1. Suppose a student asked you for the relative contact order of segment 198-368, using Cα pairs under 8 Å spaced at least 6 residues apart; what percent would you report?
2. Most exposed first by the Cβ proxy, i.e. fewest other Cβ within 10 Å, how do 217, 143 rank?
3. In nm, to one decimal, how far is the modelled label at residue 205 from the one at residue 61, with both set 7 Å along Cα→Cβ?
4. Compute the long axis of helix 138-147 from its Cα atoms, compare it with the longest principal axis of the Cα atoms of the chain, and write down the angle in degrees, 0 to 90, nearest 10.
5. In percent, how large is the relative contact order of segment 1-157, given Cα pairs closer than 8 Å and 6 or more residues apart?
6. Quick one: if you stick a label point 7 Å off each Cα along the C-beta vector at residue 256 and residue 17, how many nm between them?
7. What distance in nm separates the simple spin-label points at residue 287 and residue 365, each placed 7 Å from Cα in the Cβ direction?
8. Let me have the relative contact order for the chain, percent, based on Cα pairs under 8 Å that are six or more residues apart.
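Please treat every number below as a calculation from the coordinates, not as lab data. The model shown is predicted, which means the values in this text are computed figures rather than measured ones. Reconstructed Cβ throughout: ideal geometry from the backbone, glycine too, with neighbour counts over all protein chains shown.
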């Protein structure tokens, strides 16, 4: 039996579906204070699923009842870490990373910002430089939290619980290598995607419009999108007059940064700047996406993979930072992506040719096709048996 720690999130249904295909002995523990009937994103919950209220429920009673030999933790959320520390039974524990749980760690997070964005953050938060220095040093961090008792030292809880974990899993070994560079560890790596191409593209069966000229920048209002650096570069290039630069800002909770992007985008890009502030209907979103000849995802960390994969599939030219570990993932798998720093002034918002689009689709299907993902999940299950 494999137990899974999950939250009530959009991708959880994909996790349940894909692991359920391969293994009838999976059991899903949803951390939620709601009842099963009130879950927001998990429709038609299977019988092998329960809700777990951290404040009321005893994890050891649940573990004793379902009797798993292993546990897959889908993203290392703080509440998962706290409960792992309470589990008495010896389990093979897998940390399936989602990216944020690596790149949000204090020795890594400062490296996720491009220069202009980083300068903005330092100016906005006067003590940020000092706080970064303290948090990345284990001793200073513990002293800091011992003095500031109103703050939770989430990192100490996470690092203590990681001592009970045996594996890290993802389809991006580059994430594992980044984590290991800054935090030497005992973990073993398991290659495994948990979403299929069909789930990534979510029913997008259309191609680009005949003459797409628009640009999509980023996927959220998080500073890791490095919008300020992107806008600065775009401002110094000549684009077709009618080009629209769509910038999704409806996802994320940094309102100050959002306001900065709204004002800076309008100032630098004028009428070309089209911020997407409200959530869009699916049909409206697809229509917008198919008008974009290119997407710019200038993250220095792995992020927005769903958006990137969807844009590659419909035939858009995707620009990334080569600092981003995901850039190397695509290059080594012969999926054509472009370095924003070096290539944007060569190709601007021109579309890919038909052969490049065809090859990108074939490569994506070979990695994220349903049969291949099923085999990879089965391999993980065999390792944990």
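1. So the answer I get is 26 percent.
2. Ordered from fewest to most neighbouring Cβ atoms within 10 Å, 217, 143 come out as 143, 217.
3. Label at residue 205, label at residue 61, 4.9 nm between them.
4. Between the helix axis and the principal axis of the chain, the angle is about 80 degrees.
5. 19
6. About 4.0 nm separates the two model spin labels.
7. 2.9
8. 16
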